[in-house]
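Laboratory data are not the source of any read-out in this text; all were calculated from the coordinates shown. A quick note: this is a predicted structure, and the numbers were derived from the prediction, not measured. Ideal geometry is used to build each Cβ from the backbone, glycine not excepted, and the neighbour counts take in all protein chains shown.
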Amino acid sequence: MDNIDVRRALIMAIDRKTILKDYLHDQGQLDWWPLDASSVKTYTPLDQQPKELQELFEYNPDKARQLLKMPAMAAASPWTCCTATGRRSKITSC
């Protein structure tokens, strides 16, 4: 995806805390991509990152919708999202 607002919206639309709690039964840790704590020499915890980056990884579906409703996105709708497993979903509105 070459539209940074789409990438930001998708990151903000994921409720990582609920996934960790309800689906992974708190068996794991919340890290931010692309690095995790195992990358000792280059890893910096999210709470030590700039506020803008911290906000990006907070669950915020309202902000995600707002980003997708921007004029540039409205012209591009509908669009298809493909996951890492190859599953495709057509997204037409927020």
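Full extension of the chain segment joining residue 47 with residue 69 gains 5.0 nm, where the gain is 0.36 nm per residue of separation less the Cα-Cα distance.
Of the trypsin sites (Lys or Arg not before Pro) found in region 8-69, those that fall in a DSSP loop while having at most 13 other beta-carbon atoms within 10 Å are 41.
The alpha carbon gyration tensor of region 3-66 gives principal lengths a ≥ b ≥ c with a/c of 1.5 or higher and a/b no greater than b/c, which makes the shape oblate. Label separation (residue 58 vs residue 21): 1.6 nm, computed from points 7 Å beyond Cα along the C-beta direction.
What the phi angles of region 45-59 give under the Karplus curve with 6.51, -1.76 and 1.60, with θ = phi - 60°, is a coupling list of x, 4, 5, 9, 8, x, 3, 4, 6, 4, 5, 4, 8, 8, 5 Hz, glycine and proline written as x.
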